[in-house]
Amino acid sequence: MAWAKKLLRVNLTAGTISEEALNMDWANKYLGQRGLATKYFVEEVDPKVDPLSPDNKMIMATGPLTGTCASTAGRYSVITKGALTGAIACSNSGGFFGNEMKNAGYDMVIFEGASKTPVYLFIDNDNAQLIDASDMWGTSVWDTEDKIKSDHQDPMIRVASIGISGEKGVKYACVVNDYHRAAGRSGVGTVMGSKNLKAVAIRGTKGVTVKDPVRFFEAANAGKAVLAGNPVTGEGLPAFGTQVLMNVINETGALPSQNHRDVQFDGAHAISAEAMAEPRESDGKPNLVRNAACFGCTIACGRISTIDRTHYTVAERPEYQVASGGLEYEAAWALGAATGVDDLDALTFANFICNEQGYDPISFGATVGAAMELYEIGAITDKETGGIELKFGSAKALTDLAELTGKSEGFGAEIGLGSKLLCEKYGHGELSMSVKGQEFPAYDSRGIQGMGLTYATSNRGACHLRSYTVASEVLGIPEKTDPLVHEGKAGLVKAFQDATAVFDSAGICVFTSFAWSLEDVAPQIDAACEGDWSVETLLEVGERIWNLERNFNNAAGFTAADDKLPERLMKDAAKTGPAKGLTSQLDKMLPEYYQLRGWTADGVPTNETLGRLGL
Amino acid sequence: MQKSLSIDPDKCTGCLQCELACSYDNENAFNPAKSRIKIFTFHDKGRFVPYTCTQCYEAWCMHACPVDAITLDKGTGAKIVHDNLCVGCKVCTIACPFGTINYNADTGKVIKCDLCEGEPECAKACPTDAITYVDANWTGLEKMRAWAEKTDAGQASA
């Protein structure tokens, strides 16, 4: 009934697999996916654990709506202590893998320990087994997925796997499913690699049911109508994808460029959605082949792209002259604006490699941008780079490093450290554009003030998906606020954080929140799940999850001192655009935010707050 | 008026809402594995193609069935499998040239599209009109209209 009410526990050290009933008391307090898996995680794992130790655990979890016909309801998340951050990590992915897990009869799979030799988990409904993956170790995500389907003679198996980067400890490795959908951030794939777990492959044919089908279809259909009628989810995202933002954010003066030295990028148009749709000279076809949907998604924002066959990256390599997952906005920004590269085909190629070898294009591109600045000031030279001329704007440097990082070879092994460790290693920690070790995504905290607070307080390190105030500050959703002022942003960030935690725990995509409020979500959850799920109940669940995550981080050793932005954003004013002359006003927003959260001035939830939330 | 499912792969995003609707109508559960319509993804080409029974007039499955478990619904034109008669011999799955009738090992019967008694759930659920339910005599009408429009554009510019 929405929840499968069963989980699978896999001890990789002992090689054992067991079934457990889902803790429904916890499900009623934490809903599912992000919230419920985090509850399991914090109950079972020492907050001080080394992320790459066998004592760290990794949970793949679906939400109660996953597998139903609610729009976008195919999501799953990977919850662990992040290899990049040392903080609680929860990376959410679409594609078709989450639905398959639910259809096999499991809400989540908990991995503990570490295997001595490479293995993959194969779940065929009630039959789960660990299978030797020695012959897949050292191969890409794409080859692994193909080989598992071929070995089992079943093209309908869904696979989530790691590439070579995850095996070799690149700090921001992803778990990639369905070739190009990823649980992308914080190094959840690195943790998977440390456990010698190459892949999880699932075939599920049991079916998913809901509590009140008549009411559920009504609510789900009403939700779909809202998405179809909304200009963002009904028109902008299907036609242009998230890349619709490239020119918009550049004009807002919040497109960080060249390691955040600038807030606008001259090459923005060349790497935008509009450029992806322009026919190219060689064959008259555009970069964009078409849009694509994840499971159950009636928005279909995904991009499928090809690289110009005459481009230097693929001219001699026919295996890359195919359609695959194209540029989304955050990846295009990191691979392009952050590095100053405006070659759309080079960006698309680097993005293919990120998918193929399983690492996060945001952290990768941002780290390359930081390395380019280190190179410019002479902190690293051709000696360290192995002869790569690491100049801002160099497409060749970007694509060479993409391939090297994917295999963790040469200077790619250092890019694989992430910007924080890399910059510290070469004596310039201040050049890492990150919070809690995780690189910023594609919005500058000077030009969109709410995002500074979003990044500083995000429980998984700098991230746009924890409270996407861009929706309000730039797009006017649910109502327009001024991106240049800090007043009122503390409340805005808290409201977005709590609501987003609900979306992430239900099994649906956060992009629905461009059109849906919890008023649209609550009836769908209430009709699908046992219990009473009002907007008020869900908001409390969201706030509870946020505090649960915060408590874990505090116990792991994080303090208010970690809720900060790099000096560059606090001291160097924006040079151009609407935010010219402005720095981030984080120090004015943060105390108000702590107060609104019911935390002490040191960022610790008070006993009263914890009691109120039942923590 | 008899109607047919009309499928336009160019409009399909691969979301599987059709499979969810089909399986729920037939199995009372969201279960793409039991859907009578399937979406095929050609990953390297970026193409998604919905595929299901076209309800042949001279239906191979119906003629091949040794126990007459498949009959014609004269109203909709659908070929219907009668579970009380089907013995699960699978001869129809061999006879069908298109592979759109399949065995369900959980029930020991075969399953195929029955047009939902004239209100196909897949077409209702499709968010992009890649699957529509149209006049059986004019399934090509929209394609004709598209080409006709191009002809018109050519005349205007001439």
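Which fully enclosed helices (runs of 4 or more DSSP H) of the stretch B:1-118 have 2 or more residues being more than 14 Å from every other protein chain (Cβ to nearest Cβ)?
The qualifying helices (runs of 4 or more DSSP H) are B:60-64, B:91-95.
Could you figure out which of (1) buried (at least 18 other Cβ atoms within 10 Å of the Cβ); (2) within 13 Å of chain B (Cβ to nearest Cβ); (3) within 24 Å of A:Ala73 (Cβ to Cβ); (4) aliphatic (A, V, I, L, M) isn't true of A:Ala239?
(1)
Has the stretch A:282-289 got any residue that is within 23 Å of the chain's Cα centre (by Cα) and in contact (Cβ under 8 Å) with a residue 12 or more places away in the chain?
yes
Take the residues in the stretch A:476-494 that are in contact with a Leu (Cβ under 9 Å, 6 or more places away or on another chain) and either among the hydrophobic types (A, V, I, L, M, F, W, C) or crowded, with 23+ Cβ neighbours inside 10 Å (or both), then tell me which one is farthest from A:Leu539 (Cα to Cα).
A:Leu484
Considering (1) charged (D, E, K, R); (2) closer than 30 Å to A:Lys5 by Cβ; (3) buried (at least 24 other Cβ atoms within 10 Å of the Cβ), say which one A:Lys171 fails and leave the rest.
All conditions are met except number (2).
Against the conditions (1) more than 14 Å from chain B (Cβ to nearest Cβ); (2) assigned to a helix (DSSP H, G or I); (3) buried (at least 23 other Cβ atoms within 10 Å of the Cβ), where does A:Val244 fall short? Just the number, please.
Going through (1) more than 14 Å from chain B (Cβ to nearest Cβ); (2) assigned to a helix (DSSP H, G or I); (3) buried (at least 23 other Cβ atoms within 10 Å of the Cβ) one by one, A:Val244 breaks only (3).
Here's the yes/no breakdown for (1) of a type in the set (S, T, N, Q); (2) in contact with a strand residue (DSSP E or B) (Cβ under 6 Å, 6 or more places away or on another chain); (3) over 21 Å from A:Lys588 (Cβ atoms):
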| position | (1), (2), (3) |
| --- | --- |
| A:Gly476 | no, no, yes |
| A:Ala495 | no, no, no |
| A:Ser505 | yes, no, yes |
| A:Ser517 | yes, no, yes |
| A:Val521 | no, no, yes |
| A:Ala527 | no, no, yes |
| A:Leu548 | no, no, yes |
| A:Asn554 | yes, no, yes |
| A:Ala574 | no, no, no |
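Which is surrounded by 24 or more Cβ atoms within 10 Å (Cβ to Cβ) and not in a helix (DSSP H, G or I), of A:Ser505, A:Ser467?
A:Ser467
How many residues does the stretch A:150-163 contain that are crowded, with 16+ Cβ neighbours inside 10 Å, closer than 20 Å to A:Met101 by Cβ and not charged (D, E, K, R)?
Within the stretch A:150-163, residues that are crowded, with 16+ Cβ neighbours inside 10 Å, closer than 20 Å to A:Met101 by Cβ and not charged (D, E, K, R) number 5.
The rows are residues; the columns are (1) touching a strand residue (DSSP E or B) at 6+ places or on another chain (Cβ under 7 Å); (2) among the aliphatic types (A, V, I, L, M).
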| position | (1), (2) |
| --- | --- |
| A:Gly63 | no, no |
| A:Gly74 | no, no |
| A:Ser77 | yes, no |
| A:Ala83 | no, yes |
| A:Ser93 | yes, no |
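Conditions first: (1) within 25 Å of A:Ala293 (Cα to Cα); (2) modelled with pLDDT under 95. B:Met1 passes all but one, so which condition is the exception?
(1)
Just give me the residues in the stretch B:119-135 being away from every other protein chain (no Cβ under 14 Å) and either polar (S, T, N, Q) or assigned to a strand (DSSP E or B) (or both), in sequence order.
Once the filter is applied, which keeps residues that are away from every other protein chain (no Cβ under 14 Å) and either polar (S, T, N, Q) or assigned to a strand (DSSP E or B) (or both), the stretch B:119-135 yields B:Thr132, B:Tyr133, B:Val134, B:Asp135.
Considering only residues that are buried (at least 19 other Cβ atoms within 10 Å of the Cβ) and touching a Pro at 6+ places or on another chain (Cβ under 9 Å), look in the stretch A:116-149 and name the one that is nearest to A:Lys168 (Cα to Cα).
If we take residues in the stretch A:116-149 being buried (at least 19 other Cβ atoms within 10 Å of the Cβ) and touching a Pro at 6+ places or on another chain (Cβ under 9 Å), then A:Met136 is nearest to A:Lys168 (Cα to Cα).
Counting only residues that are acidic (Asp, Glu) and surrounded by fewer than 21 Cβ atoms within 10 Å (Cβ to Cβ), which one in the stretch A:407-463 is farthest from A:Leu475 (Cα to Cα)?
A:Glu409
Quick one: is A:Asp25 closer than 27 Å to A:Lys116 by Cβ, of a type in the set (Asp, Glu) and either assigned by TED's automatic domain parsing to the domain that holds A:Thr512 or outside any strand (DSSP E or B) (or both)?
Here the answer is no, as A:Asp25 does not meet what is asked.
Tell me whether the stretch A:573-596 contains one or more residues that are under 27 Å from the mean Cα position of the chain (by Cα) and within 18 Å of A:Pro47 (Cβ to Cβ).
Checked against the condition, which is being under 27 Å from the mean Cα position of the chain (by Cα) and within 18 Å of A:Pro47 (Cβ to Cβ), the stretch A:573-596 yields no hits at all.
Conditions: (1) surrounded by 24 or more Cβ atoms within 10 Å (Cβ to Cβ); (2) outside any helix (DSSP H, G or I); (3) in contact (Cβ under 8 Å) with a residue 12 or more places away in the chain. A:Val521 meets all but one. Number of the miss?
(2)
Does A:Thr310 count as surrounded by fewer than 19 Cβ atoms within 10 Å (Cβ to Cβ), within 14 Å of chain B (Cβ to nearest Cβ) and part of a loop (DSSP other than H, G, I, E, B)?
So A:Thr310 does not fit the description; no.
Just for helices (runs of 4 or more DSSP H) wholly inside the stretch A:125-235: which have at least 1 residues that are more than 30 Å from A:Glu519 (Cβ to Cβ) and away from every other protein chain (no Cβ under 12 Å)?
Ranges flagged: A:141-151, A:164-167, A:188-194.
Given (1) in a strand (DSSP E or B); (2) surrounded by fewer than 24 Cβ atoms within 10 Å (Cβ to Cβ), where does A:Asp50 come up short, assuming only one miss?
Going through (1) in a strand (DSSP E or B); (2) surrounded by fewer than 24 Cβ atoms within 10 Å (Cβ to Cβ) one by one, A:Asp50 breaks only (1).
Just to verify a result, which residue in the stretch A:274-299, among those that are among the small types (Gly, Ala, Ser) and surrounded by 24 or more Cβ atoms within 10 Å (Cβ to Cβ), is nearest to the other protein chains (Cβ to nearest Cβ)?
A:Ala293
Tell me, please, whether a residue that is of a type outside the set (A, V, I, L, M, F, W, C), within 23 Å of A:Lys198 (Cα to Cα), out of contact with any strand residue (DSSP E or B) (no Cβ under 8 Å at 6 or more places or on another chain) and surrounded by fewer than 23 Cβ atoms within 10 Å (Cβ to Cβ) can be found in the stretch A:372-379.
For the stretch A:372-379, residues of a type outside the set (A, V, I, L, M, F, W, C), within 23 Å of A:Lys198 (Cα to Cα), out of contact with any strand residue (DSSP E or B) (no Cβ under 8 Å at 6 or more places or on another chain) and surrounded by fewer than 23 Cβ atoms within 10 Å (Cβ to Cβ): absent.
Can you pull out every residue in the stretch A:37-52 that is among the acidic types (Asp, Glu) and more than 15 Å from A:Asn553 (Cβ to Cβ)?
Once the filter is applied, which keeps residues that are among the acidic types (Asp, Glu) and more than 15 Å from A:Asn553 (Cβ to Cβ), the stretch A:37-52 yields A:Glu43, A:Glu44, A:Asp50.
Could you check A:His260 against (1) assigned to a loop (DSSP other than H, G, I, E, B); (2) away from chain B (no Cβ under 13 Å); (3) out of contact with any Lys or Arg (no Cβ under 6 Å at 6 or more places or on another chain) and say which number it fails?
Looking at each condition in turn, A:His260 falls short on (3).
Hey, which of the helices (runs of 4 or more DSSP H) in the stretch A:353-444, taking only ones fully inside, have at least 1 residues that are outside the structural domain of A:Glu145 (by TED's automatic domain parsing) and among the hydrophobic types (A, V, I, L, M, F, W, C)?
So the answer is A:361-376, A:395-406, A:412-415, A:419-425.
Out of all the residues in the stretch A:86-119, which are of a type in the set (A, V, I, L, M, F, W, C) and over 30 Å from A:Gly557 (Cβ atoms)?
Once the filter is applied, which keeps residues that are of a type in the set (A, V, I, L, M, F, W, C) and over 30 Å from A:Gly557 (Cβ atoms), the stretch A:86-119 yields A:Phe96, A:Phe97, A:Met101, A:Ala104, A:Val119.
On the given criteria, is A:Phe349 crowded, with 23+ Cβ neighbours inside 10 Å, more than 14 Å from chain B (Cβ to nearest Cβ) and free of Cβ contacts under 8 Å to residues at least 60 places away in the same chain?
So A:Phe349 fits the description; yes.
Identify all residues within the stretch A:313-346 that are within 14 Å of chain B (Cβ to nearest Cβ), closer than 30 Å to B:Cys18 by Cβ and surrounded by fewer than 24 Cβ atoms within 10 Å (Cβ to Cβ); write none if there are none.
Listed by number, the residues that qualify are A:Val322, A:Ala323, A:Ser324.
The values are calculated or read from the model by the stated rules, or taken from the named source; none is laboratory data. Not measured: the values here are computed from a predicted model. All Cβ positions, glycine included, derive from the backbone under ideal geometry; neighbour counts span all protein chains shown.
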